[in-house]
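Asks: Please find one structure pasted underneath; my questions will follow.
The values are calculated or read from the model by the stated rules, or taken from the named source; none is laboratory data. None of these values were measured; they are calculated from a predicted model. When we count neighbours, we look across all protein chains shown, and the Cβ atoms used for this are built from the backbone with ideal geometry, even at glycine.
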There are 6 protein chains.
Amino acid sequence: RFGLAEEKDQVGVVTGLAYTSVGGELLNIEALRLPGKGRMKTTGKLGDVMKESIDAASSYVRSIAPEIGVKPPKFDKLDIHVHVPDGATPKDGPSAGLAMTTAIVSVLTGIPVRKDIAMTGEVSLRGNAMPIGGLKEKLLAALRGGIKTVLIPEENVKDLADIPDNVKEGLEIIPVTHASEVLEHALTKKPEPIEWDQEAEDAAAAEAALRKGSDDGAGAVTH
Amino acid sequence: RFGLAEEKDQVGVVTGLAYTSVGGELLNIEALRLPGKGRMKTTGKLGDVMKESIDAASSYVRSIAPEIGVKPPKFDKLDIHVHVPDGATPKDGPSAGLAMTTAIVSVLTGIPVRKDIAMTGEVSLRGNAMPIGGLKEKLLAALRGGIKTVLIPEENVKDLADIPDNVKEGLEIIPVTHASEVLEHALTKKPEPIEWDQEAEDAAAAEAALRKGSDDGAGAVTH
Amino acid sequence: RFGLAEEKDQVGVVTGLAYTSVGGELLNIEALRLPGKGRMKTTGKLGDVMKESIDAASSYVRSIAPEIGVKPPKFDKLDIHVHVPDGATPKDGPSAGLAMTTAIVSVLTGIPVRKDIAMTGEVSLRGNAMPIGGLKEKLLAALRGGIKTVLIPEENVKDLADIPDNVKEGLEIIPVTHASEVLEHALTKKPEPIEWDQEAEDAAAAEAALRKGSDDGAGAVTH
Amino acid sequence: RFGLAEEKDQVGVVTGLAYTSVGGELLNIEALRLPGKGRMKTTGKLGDVMKESIDAASSYVRSIAPEIGVKPPKFDKLDIHVHVPDGATPKDGPSAGLAMTTAIVSVLTGIPVRKDIAMTGEVSLRGNAMPIGGLKEKLLAALRGGIKTVLIPEENVKDLADIPDNVKEGLEIIPVTHASEVLEHALTKKPEPIEWDQEAEDAAAAEAALRKGSDDGAGAVTH
Amino acid sequence: RFGLAEEKDQVGVVTGLAYTSVGGELLNIEALRLPGKGRMKTTGKLGDVMKESIDAASSYVRSIAPEIGVKPPKFDKLDIHVHVPDGATPKDGPSAGLAMTTAIVSVLTGIPVRKDIAMTGEVSLRGNAMPIGGLKEKLLAALRGGIKTVLIPEENVKDLADIPDNVKEGLEIIPVTHASEVLEHALTKKPEPIEWDQEAEDAAAAEAALRKGSDDGAGAVTH
Amino acid sequence: RFGLAEEKDQVGVVTGLAYTSVGGELLNIEALRLPGKGRMKTTGKLGDVMKESIDAASSYVRSIAPEIGVKPPKFDKLDIHVHVPDGATPKDGPSAGLAMTTAIVSVLTGIPVRKDIAMTGEVSLRGNAMPIGGLKEKLLAALRGGIKTVLIPEENVKDLADIPDNVKEGLEIIPVTHASEVLEHALTKKPEPIEWDQEAEDAAAAEAALRKGSDDGAGAVTH
Ligand SMILES: [Ca+2]
Ligand SMILES: [Ca+2]
Ligand SMILES: [Ca+2]
Ligand SMILES: [Ca+2]
Ligand SMILES: [Ca+2]
Ligand SMILES: [Ca+2]
Ligand SMILES: [Ca+2]
Ligand SMILES: [Ca+2]
Ligand SMILES: [Ca+2]
Ligand SMILES: [Ca+2]
Ligand SMILES: [Ca+2]
Ligand SMILES: [Ca+2]
């Protein structure tokens, strides 16, 4: 099953696309959410650039927490583990950034990812979709792996001219300029935003701390 | 006794299978659970890929805690030490992932592992059994070491064609696609699942904290 | 859109100027502010000197917190993430110091940065603007990228003699000697200073702690 | 006195046996127990494999704490320092594992180690005694150093055939299969086991915390 | 302005003297004091020996805290950042120790440093001024940079014989044997010592803790 | 003054003896005690073996705390900084162990070290004085530096045969077998031991915690 599209929609499981000297390959990215302390764990022999792309994806997601229905303090109470099998193959580069973003949003919201979609694209800290290399090899790998839809950065549309017709016919190729578009396409349902006013929350917390402090053993006694 | 099957069913002791340039070998994996703070310690001259496979196994097990009868907060109160003797021989690679998963589940549940079973297979973060190399050498080592049953990834079944008949006759070879099947075969009894509702637990904890806070030294006295 | 001026004024997004062996380039610096514990995270394959320049910028900004309307204790409750795409290209050197300073002030104050301005210059711990190399290539990149105004260190004014006339006519080039001038030019509005007396704050906190301590469950009741 | 047997039975002082390219040597292992936080410090230019063997010994000892009369929570309140003089000579390998186990048990229980005994053998996480190399050179060093009794792993008994008769006559050589046998031979008295029921302890602690919580300033007073 | 004397007396800004293969140079050392936790941050591409010289300077200053009017507990509530521009030039060696000492004392006391003074000399943990190399080149750089007064270690007085007369006439050269002399010359006013009795402070703190403990919610009520 | 005996008896200042390819040298070891958290800081370009010798010395001193009049909990409230000028010369080896022990005891007790004494010798974790190399060169350096008395390990007495008569006549050379002898010779007065019963202290602390717990807000009210 390795190197093929997933068999069902799953939470935290995203198909990225890798490009190596021997061609394109599907990346079966797996993310888990565990009770914890806001830590990010990464495994799968990932290089520094890929690890940084996960950091950038993670900060971007934290910055849009209320838009995906997640209260910001929740991040301090969970750890996220991102693993990219197989464990023996080195992987690097920033081009799985949009896929990492999707995996993180999926585990935070509990919304599954569509099994027949793959994606490639660097993500910036603001969620911008940035161009990648090896588009042709990646699309070939997607087709070979049974993928139906591929999300690519808008800035790579110019490279589609070099892609064989059968590949373009066998895949729905959707250009995106921002991670928010990726989430719309890849998640099986749309997250529901919540209201969140950090200033108000801080004020309420300070107020509560104050009240607790002044009450602390105050021994208010009425007769 | 080194390089041979265990003499009795033990908690935390699992037989993996290694494959080196000089042939296959039994890996006598040992795990211990100690009072602690949720840390994982690994010893035995393990390479980075093997350490990451232990991380992946550990996160997978945490993600299924209630299914094996373990309350998630328990993880914060214990450390797990995984050791792979002998201490002087370097070991690496992801193929002991299923064995690490089994060792960790065994120490968490206190359920012993069958002494006459060995296993090979990478584990993904979702518990998927992933294919490995060196199947022939590993099976030969298992036979030589007195093992009765070997669990292998389903995706390696195709490699059985190259295995000598005497090996296939001397061992019960069971293909698996997921860690849950491994646990069923390897543990001497089935863990009993518990109910666990993280949201409810969080709410109860928040409630308790609130009550404690407002009570704190309140000294409400009526006359 | 990579390598071009931004399309709108944004919080935390600053255009720096890089100079490599193949010419000048725009640096699209992105900063985010997240709830946290006073940590600085940096990504984008940044070298040690660039990371240190971010540290210097950050300490300078902390030292002027009240002047930009930020209460010093606020720093302990947030993390700042600075990312410089693209993630695969190594970047180094101290010359983005003024741009980093601007990005950090922008995320702390919530004041957007003018989209058509770029800047180059090392920043000292006191906010001094220090000279940089590659001015010609940087100005060419700014012009090419659609930038209108470029801030340069006063000490680099002497290098303007070597700059082609069309570049000097196509750009407003403003020499600066200090980060405070940079902020005046680059932010879309001026931060409002606050009063802050650290000694008084410390004394008040000590007083509060003392009062809380002696009250702690004291329940002094007279009838 | 270096390279000779100890002059008196001491707590935490164990004689191991090393094997280098220039022959065998006594290892005068020293352990100290200090008030602390459960940390292990090691000095004496120890290589990674020897440090890991100390980790394995330490975890094994923690796992048998009640059997040697030590309450498990005690480990969190002390540090152990293991030093192997002389400080300038690099030392490595797993074969001092049984000796490290003995040193750690000695400092925890306060029971001295017999001065005229030496030992060699890797220890597994379960306390198994595992075979070592260089038996002949080690036994020669023991004899030369005035040692009376040497503990060796059972699996090395086969190597005794190559040992000169005068060595076998000058030393009492005792094969062992497990660390528990080592402790019986090496300690000057047997540790007294205690009863320890971790579940019961946890429950009691939880109960106490609860009671303290609900009492916290409750001051329930009825008239 | 880089490589020149400062334009005004400033807190935390000290002129050191460096000596490289291409001659002497002014080091414009900058120090900042920030609310924090007793950490020392250093930037400016400093080598390990220079970082250690900052550590030694810092410990020396902590050891004389009451003599410069600083209560020792204050150190736990602030961080100090020492930066040596420019950020791209590697700097190393112990000879800026006296300058680092001066910068740290200046930020702790808030007393400015004289702008027309430069200094060179290693500092020992006791504040002793230790000899340095490259005196001639350093003095030349000082003269060139507009410095009026240079402090040098007493043990370097013998090297003055090799210094050209115009340099010795253009600079006031003051030999020092101890950091306390440096502070007298370099600070614009003398710090006022305070009384500090650590034993008494500890006893008072223990007493307060005890009182708070026994009072905690004691609710002593008399009618 | 560098390379010469000290001018007065000082707390924390000990003269060690180094031996390099170019001969012997005095090591002017400096130690400071600072309010802190039980950390050891070392500076002066020290190699790993010398750092480990400081660790061993430190643990030995902690293990004899009551014998030198120091309550063990005191260690958690102070940091010790050991510096060996000059900062630019690399230093390594275990032979300053006895000197480090003396420096640490001196700063803990506040008892000065005799200015005209030097010492060489590795220290074991039990305080044993262990043999060193380069005795001749070290003694020559001591004589040259104005030292009156040199402490050497008993096991080095055999090397005195090779020492020129004038050196042996110019120095009082005292062989020692244990750090306790070193302290007797080197400190200007003998530390006064205290009684310390760790078990009793622990029990008292537990008792106090219990009492505080049950009192916590108990609101005992009598009418
Ligand atoms: Ca592969
Ligand atoms: Ca689109
Ligand atoms: Ca082996
Ligand atoms: Ca199956
Ligand atoms: Ca690029
Ligand atoms: Ca200007
Ligand atoms: Ca030796
Ligand atoms: Ca036996
Ligand atoms: Ca320069
Ligand atoms: Ca003087
Ligand atoms: Ca020197
Ligand atoms: Ca003696």
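Asks: Look through region C:1-21, keep the residues that are of a type in the set (Val, Ile, Thr) and in contact with an Asp or Glu (Cβ under 9 Å, 6 or more places away or on another chain), and return whichever of them is farthest from residue C:140 (Cα to Cα).
Replies: Going through the qualifying residues, I end up with C:13.
Asks: Sort out which residues of region B:162-173 are in a helix (DSSP H, G or I) and either modelled with pLDDT under 95 or exposed (fewer than 15 other Cβ atoms within 10 Å of the Cβ) (or both), and write them in order of number.
Replies: Result: B:162, B:165, B:166, B:168, B:169.
Asks: Sort out which residues of region A:25-41 are within 13 Å of the chain's Cα centre (by Cα) and more than 22 Å from residue A:114 (Cα to Cα), and write them in order of number.
Replies: Selection gives A:40 alone.
Asks: Looking at (1) at pLDDT 95 or above; (2) closer than 29 Å to residue E:88 by Cα, which one does residue C:192 not meet, given that it meets all the others?
Replies: (2)
Asks: While we're on this one: In region B:124-143, which residues are more than 19 Å from the chain's Cα centre (by Cα) and farther than 13 Å from residue B:168 by Cα?
Replies: Within region B:124-143, B:133, B:134 meet the criteria.
Asks: Looking only at region D:90-106, which residues are buried (at least 24 other Cβ atoms within 10 Å of the Cβ) and of a type outside the set (Ser, Thr, Tyr)?
Replies: Residues satisfying the conditions are D:94, D:96, D:97, D:98, D:99, D:100, D:103, D:104, D:105.
Asks: Kindly indicate the residue of region C:205-223 that is in a helix (DSSP H, G or I) and within 10 Å of chain A (Cβ to nearest Cβ) and also modelled with the lowest pLDDT among those meeting that condition.
Replies: Our first condition is that a residue be in a helix (DSSP H, G or I); within region C:205-223, this holds for C:205-215.
Still in the running and within 10 Å of chain A (Cβ to nearest Cβ): C:208-209, C:211-213, C:215.
Details: C:208: 78, C:209: 73, C:211: 72, C:212: 66, C:213: 58, C:215: 52.
This residue is C:215.
Asks: Which residue out of E:202, E:159 is farther than 22 Å from residue E:112 by Cα, in a helix (DSSP H, G or I) and modelled with pLDDT of 95 or more?
Replies: Only one candidate passes the filter, namely E:159.
Asks: Additional query: Scan region A:99-121 and give yes if some residue there is under 23 Å from residue C:14 (Cα atoms) and small (Gly, Ala, Ser), otherwise no.
Replies: yes
Asks: Kindly check whether there is at least one residue in region B:134-147 that is within 13 Å of chain A (Cβ to nearest Cβ), touching a Gly at 6+ places or on another chain (Cβ under 8 Å) and away from ligand 6 (no atom under 16 Å from the Cβ).
Replies: Within region B:134-147, one or more residues are within 13 Å of chain A (Cβ to nearest Cβ), touching a Gly at 6+ places or on another chain (Cβ under 8 Å) and away from ligand 6 (no atom under 16 Å from the Cβ).
Asks: I'd like to verify a number: residues in region A:55-74 that are part of a helix (DSSP H, G or I) and touching a Ser or Thr at 6+ places or on another chain (Cβ under 9 Å), how many?
Replies: Count: 9.
Asks: Would you tally the residues in region F:174-194 being assigned to a loop (DSSP other than H, G, I, E, B) and either within 12 Å of ligand 12 (Cβ to nearest atom) or within 14 Å of chain D (Cβ to nearest Cβ) (or both)?
Replies: So the count comes out to 1.
Asks: Please indicate, with yes or no, whether at least one residue in region C:191-211 is in contact with a Leu (Cβ under 8 Å, 6 or more places away or on another chain) and not aliphatic (A, V, I, L, M).
Replies: Within region C:191-211, one or more residues are in contact with a Leu (Cβ under 8 Å, 6 or more places away or on another chain) and not aliphatic (A, V, I, L, M).
Asks: Out of everything in region E:145-160 that is under 24 Å from residue E:94 (Cβ atoms) and surrounded by fewer than 17 Cβ atoms within 10 Å (Cβ to Cβ), what residue ends up being farthest from ligand 12 (Cβ to nearest atom)?
Replies: If we take residues in region E:145-160 being under 24 Å from residue E:94 (Cβ atoms) and surrounded by fewer than 17 Cβ atoms within 10 Å (Cβ to Cβ), then E:149 is farthest from ligand 12 (Cβ to nearest atom).
Asks: Among the listed residues C:113, C:84, C:150, C:123, which satisfies the condition of being modelled with pLDDT of 95 or more and either within 16 Å of ligand 8 (Cβ to nearest atom) or in contact with a Phe, Trp or Tyr (Cβ under 8 Å, 6 or more places away or on another chain) (or both)?
Replies: C:123
Asks: Return the total of residues in region D:66-103 being within 14 Å of another protein chain (Cβ to nearest Cβ) and closer than 23 Å to residue D:141 by Cβ.
Replies: Qualifying residue count, region D:66-103: 21.
Asks: Continuing with this model, one more query. Among the residues of region C:91-117, count how many are within 12 Å of residue C:16 (Cβ to Cβ) and in a helix (DSSP H, G or I).
Replies: The total comes to 7.
Asks: Additional query: Please state which of the following conditions residue D:80 fails to meet, knowing it meets all the rest: (1) within 16 Å of ligand 7 (Cβ to nearest atom); (2) at negative phi.
Replies: Against the list (1) within 16 Å of ligand 7 (Cβ to nearest atom); (2) at negative phi, residue D:80 comes up short only on (1).
Asks: Next question, about the same structure. In this structure, does residue B:129 turn out to be assigned to a strand (DSSP E or B), within 16 Å of ligand 1 (Cβ to nearest atom) and either modelled with pLDDT under 95 or over 24 Å from residue D:61 (Cβ atoms) (or both)?
Replies: Values: assigned to a strand (DSSP E or B): yes; within 16 Å of ligand 1 (Cβ to nearest atom): yes; either modelled with pLDDT under 95 or over 24 Å from residue D:61 (Cβ atoms) (or both): yes.
Yes; evaluated as a whole, the condition is true for this residue.
Asks: Can you say whether residue E:163 is away from ligand 4 (no atom under 16 Å from the Cβ) and in contact with a Lys or Arg (Cβ under 6 Å, 6 or more places away or on another chain), as far as the supplied structure shows?
Replies: On the way: away from ligand 4 (no atom under 16 Å from the Cβ): yes; in contact with a Lys or Arg (Cβ under 6 Å, 6 or more places away or on another chain): yes.
So residue E:163 fits the description; yes.
Asks: Which condition number in (1) at pLDDT below 95; (2) farther than 21 Å from residue E:184 by Cα; (3) surrounded by fewer than 18 Cβ atoms within 10 Å (Cβ to Cβ) is the one that residue E:7 fails?
Replies: (2)
Asks: Hey, among E:141, E:88, which residue is small (Gly, Ala, Ser), within 16 Å of ligand 9 (Cβ to nearest atom), part of a loop (DSSP other than H, G, I, E, B) and within 28 Å of residue C:52 (Cβ to Cβ)?
Replies: Numbers: E:141 fails: part of a loop (DSSP other than H, G, I, E, B).
Exactly one of E:141, E:88 is small (Gly, Ala, Ser), within 16 Å of ligand 9 (Cβ to nearest atom), part of a loop (DSSP other than H, G, I, E, B) and within 28 Å of residue C:52 (Cβ to Cβ), namely E:88.
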